[in-house]
Structures are given as C-alpha cells and as structure tokens.
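Working notes for the structure below.
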Amino acid sequence: MPVGILRVCLVVITAIVNHPLLFPKENGTVPENTEEIIQKMKEREETLRLERLRLEQEIAEQEATQKALEKSAEVVEETKEEKVRWDMWTALSMIIFLLIEVWRQDFQEGNWQDTGGEEDDMAVLGKAFKGLAFPDKAILASFYEKRILGTTGDMARMREMVEGFADDLLEALRSVCNRDADMEVEDCMGVGSMYENWRVRKPFVCDLIVPFAPPEPYCFQSHIWCSGDSFPPDEQGYGTIKVCRAGEDVTGCICDKTKLGEDMLCLLHSQANTTRPSSEMEDLLCFKNTQYLDADQVMKWFQIAVTKAWNRISHKYEFDLSFSLLDSPGALKIKFRSGKSIAFNLTPVVQYENSDVYFISHFPRSSLAADLPSSTHWFLTFAVYERRFIQLVSKTLPASACHVSCLQILSFLHGKQCSLTGPSGLTNYHLKTVMLHLLQARPSQDWAPEKLEARLQDMLKFLEKCLHEKKLYHFFIGNGNVPAELGFPIIFQRAEPLNLFRPFVLRRDIYRKTVDTFHEMLRNTSALINEYTVHIPLAHTNGIRKESL
C-alpha cells in the first residue's frame, strides 16, 4: 500500500513539473506549434489521470484482500475457540455420565433388589390384595401345625436313608471305574429344600450333587459369563469347562508362552501333532473335535457308571433301583417290594475354582427356563451358599423364627394352585429367592414367630411387585452385601445382577399365565388354608382380625 501511494505522488510531481505555465517565457514569443503542444499535454494529462485511477483501484483491491485475510484469520481463531469450548463440553458431559454410572452402580449395590419393606413401597403394592380376606395368626398357626410340622420327621428319616445309600452307590462306582482313564468321583452333598427344611409337598425328593474331576494329568479350566468377555443375554448365568493338561494355560500349551530355544521341541505340540486326537478328547467327555466338556456326554457316562455300580451292590439290598427320567443323569427311584418308592437326584457337577459354586450338568427345567445355548454350556448353581446363608442368618433370628414357615406356606399355596389350574412360570426357587431378599433386608426381630402373618404378607407383596416389574434378581449375583463369613467369590458380587424374570419379557403368554395363577392363588388363599385347618371355637373366631393385604 505505501508503494502505491509513492507512485501516485511521483506522477503528480511529474505533471506539475512538466506543466508549461511553470516555465518562464524567455523569448516572449509563442512557438508556432502551440496548439499541437497543448493537445499533447492534454493527452498526457488524461493518460496520467487514467494511470492514477488504475493505481487507486489496485490499492482498493489490496485493501479489500487484506481485510478478507484478516477476517479469515478471525474466523479461524473463533473456530478454534469454539472447538475448544466444544471439547470442554464433551469432556464435561463424559465426566457427568461417568459420575451417574458410578452412582447407579453404588445405588444398585446398596439397593440392588428393592425389597418393598418400606412404608412407601407398601403403599403402592398390594393392589391385587384389596378386598381379599387373609387368614389371621391363629388360623395360620393351626394350619402350619397340622399340615406342615408333621412332615419334618418324615424328611429327616428319608434324608438319612438316601444319603447312606448314595454313599454306598458312589463307593461302588469308584470301584468299577478305571482310575487311569475315567472321571474321579468325590463325595456327594445334599442341597435344596429337603436339606433346608422347607419342602412341604410330596413326593419328597432329595437333591444330591456329586463333584467329579478328570483323571491325571488333566484338569478343568472354567470360563464364566462374568469373567470379562461379553456373553449374549441368553447365556447369562452359564459357563464353559475346558479340559486341559495340568500346567497348561487356558489358551494352549505352556510352549506357547515359553521360549524353548532353537534346539528344543515341545513333545505335545510337534509339527506332526498340533492338536490332540479327537478320540482322546471324546474319551474325556468333550464335545466332538473340541476340548470343552459336554453335558450330554457326562450324562451318558454317569448313567452307565451308576448302572455298573448298582449291579455290583444290588445283592445287598431288598429293593430295585431304576432311572425315573432318561433325560436327567441321576434321577433315580428306589422301589420297595411293598410298592412304596423313594425318588432322589444324584447329579454330577464340576467345582468352580476353589469355591462352593458348581457347574451343574442338568438343572430341573421349568416352563419359564430357556433352552441351553449348547451342551457345552453349563449352568452355575449356588445351592451350597444358599444353604449356608440360611443357616448363618438363622443363628441371629429369634427362637422359632417364622422365615422358614413363611416359605413353606407360600410353597404349599402355590403348589396347590398349580395342581388346580396348571403349571405357571413361578418355581419354588423363585419363592426361596424372595425369602432370601427379605431375610437380608429386614431386621432380625421382624422374624419373631408371632409375626408370621405380617411376614407372609410381605413375601406376597414383594412377589407381586417383582411380577409387575418382571424383575426378580438372583440373590447372590451382583449382591455386594453378602456376609463375608460365607467366603463367597468376589467375582460374582461384582457382576451385573441376574434377572430371573427376564424370560417373562420374551414369553408374554407364560407371563400372563403366571400372573393369572398368582392372582387366583391370592383369591383362594383362605379356602386352601381352611381346608387343612382344624376347627377353631366360635368364641375365638369372633376375635379374629381380618385384614386386607
């Protein structure tokens, strides 16, 4: 821009200097070609004027270009500042999201299964109970004494008989198995309602689990759904079991992890033998062409082994033994010559690491349960910890606490209703899960025997709430408040809660049937209980307080 101004100034100065009026008239005479000179000067002046206009136009264009560049720089600067502000908002949003997620996890751990024990919850629950007369404490106590207490002695005698026979049968099984090639069977353990003293409906069935392990030099490597890898929703609660040699990593032989040297060769994984023979894996009860334990193969092996064991000791007993269900590995029935029979389940399981959580080969199925993803997926059972938790909490409760009584009455009512209207999606395990949640949520004094009626109502209301929301969380999975005395594996406490009612979301027909059965059970509660209740004098019944839940 300064250069352009200088050029204009030079043109103006030149024009002034060359103007004829500035020169003195030395001779006092006018040249003959004056007109011609004046004409040329005018032309020169016009040329200079045009040059000046061109220069002014160039200067204006340069100024416009400069302003455009400055404006572009300002836009770029504003864009950078806006981007910085946007990045700050993005980071702040992420921080807020993470804080909300952390709060949700903490809230879930502290209140991961709303028990409905608070007054606010009770105010919104119990809609299905309005207008229904519920048996009072006297009728419930009479019903419990007449219908349920009498079965306790029968259960104890049956448990003793079944356990003794099962121990003898397993000892014979060990003797007929090849210790170098067959699975090694350990002692059995009793689990379920018969060993938690709340089973009420006949026929009584003892549930025994039998841990087994592979022969040397093999071992089991387990992988569960909450170990870090993503599992589909229908595989939550399951795991897989890989058969490996002792000292071998889950992903392969230790030669994959160790530098052997140029002059050393792994005898297990040479170039000519990169995989184990298929027949070897099948002998170890694995799925075809894999190293994963197959539940169907285990069932066949166990049934054959039990049959051989019974043939060895059958001469010692005066009864017959048979399989009551062909699709269950150890559903056995003892038939006496008198015609009576005793049923029990002897189910093979695999221990998860060093805990009392077990992979169970076959689990009792219900209409709500989905099909197994495959025969290499094993369901996990926490039955041993459930029994221990009930025993642990029972020590802190008042004498003759009503928690087991509530579960027994609820189980009886549900079983009776299902016998009238057909099966529903609810199982006794769901009912026990409800009791476990309330046991943890309510103080010990609330389980005194005189509070049987109130606690039974709580269980029914809590169950109604869970059905309404289609949410009943597994008691142990995702529960960070499990007593430390149980020694429960931390990996399951940190897992996402497992919704036992998730299939209700997918199976609306079963959900509708379950809700209808539950409401029908509520309407029939008084009739079902009165049917098994001794007559109470009229003077006493006049004092009965009937309440609607």
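The values are calculated or read from the model by the stated rules, or taken from the named source; none is laboratory data. Keep in mind the model is a prediction, meaning the values are calculated, not measured. Because the Cβ atoms are built from the backbone with ideal geometry, glycine has one as well, and the counts that use them run over all protein chains shown. Surface accessibility is based on the protein's heavy atoms, side chains included, excluding ligands, DNA and RNA. Shrake-Rupley method; radii C 1.70, N 1.55, O 1.52, S 1.80 Å.
Once phi is turned into ³J(HN,Hα) by the Karplus curve 6.51 cos²θ - 1.76 cosθ + 1.60 with θ = phi - 60°, what whole-Hz value does each residue of segment 350-361 show in order, with x for glycine and proline?
10, 6, 8, 6, 10, 9, 9, 8, 10, 7, 10, 5
Between Glu160 and Arg245, what length in nm is gained on full extension when 0.36 nm per residue of separation is reduced by their alpha carbon distance?
Residue separation times 0.36 nm, minus the Cα-Cα distance, leaves 26.7 nm.
Kindly rank 56-65, 205-214, 500-509 from highest to lowest mean number of other beta carbons found within 10 Å of each residue.
In decreasing order of mean packing, 56-65, 205-214, 500-509 become 205-214, 500-509, 56-65.
Where the only charges are on Cβ atoms (+1 Lys, Arg; -1 Asp, Glu), what is the dipole of segment 455-518 about its Cα centre, to the nearest 20 debye?
260 debye
Rounded to the nearest 0.05, what FRET efficiency do Arg494 and Ala527 have when you use their Cβ-Cβ distance and R0 = 41 Å?
Calculated transfer efficiency: 0.35.
Please list, in chain and number order, the residues 5+ apart from Gly480 or on another chain whose amide H is under 5 Å from its amide H, with Hs placed from the backbone.
Answer set, sorted by chain and number: none.
Summing +1 for each Lys or Arg and -1 for each Asp or Glu, what net charge is found among the other residues whose Cβ lies under 13 Å from the Cβ of Arg337?
Summing Lys/Arg as +1 and Asp/Glu as -1 gives 0.
Can you list the residues of segment 372-392 with backbone N under 19 Å from a point 7 Å past the Cα of Gln440, pointing along Cα to Cβ?
Flagged as within label range: 380-392.
For segment 188-249, give the percent of accessible area contributed by carbon and sulfur heavy atoms, probe 1.4 Å, rounded to a whole number.
The value for segment 188-249 is 47 percent carbon and sulfur by accessible area.
Using the Cα centre of segment 372-519 as origin and beta-carbon charges of +1 (Lys, Arg) and -1 (Asp, Glu), tell me which of His403, Asn481, His519 is placed farthest towards the positive end of the dipole.
Working it through, the farthest residue towards the positive pole turns out to be His519.
Place the peptides 326-339, 466-479 in order of packing, highest mean first, counting for every residue the other Cβ atoms within 10 Å and averaging per peptide.
Per-residue Cβ counts within 10 Å, averaged per peptide and sorted highest first, yield 466-479, 326-339.
Could you tell me what percent of the accessible area of segment 349-490 is made up of carbon and sulfur, with a 1.4 Å probe and every protein chain present?
The value for segment 349-490 is 52 percent carbon and sulfur by accessible area.
Under the Karplus relation 6.51 cos²θ - 1.76 cosθ + 1.60, θ = phi - 60°, what is the ordered set of whole-Hz ³J(HN,Hα) values for segment 153-158, x standing for Gly and Pro?
x, 4, 5, 4, 5, 5
Using the beta-carbon distance between Ile5 and Leu69 and R0 = 30 Å, what value does 1/(1 + (r/R0)^6) give for FRET efficiency, to the nearest 0.05?
0.90
Rg and Dmax of segment 128-235, Cα atoms, in Å?
When restricted to Cα atoms, segment 128-235 yields Rg and Dmax of 22.0, 68 Å.
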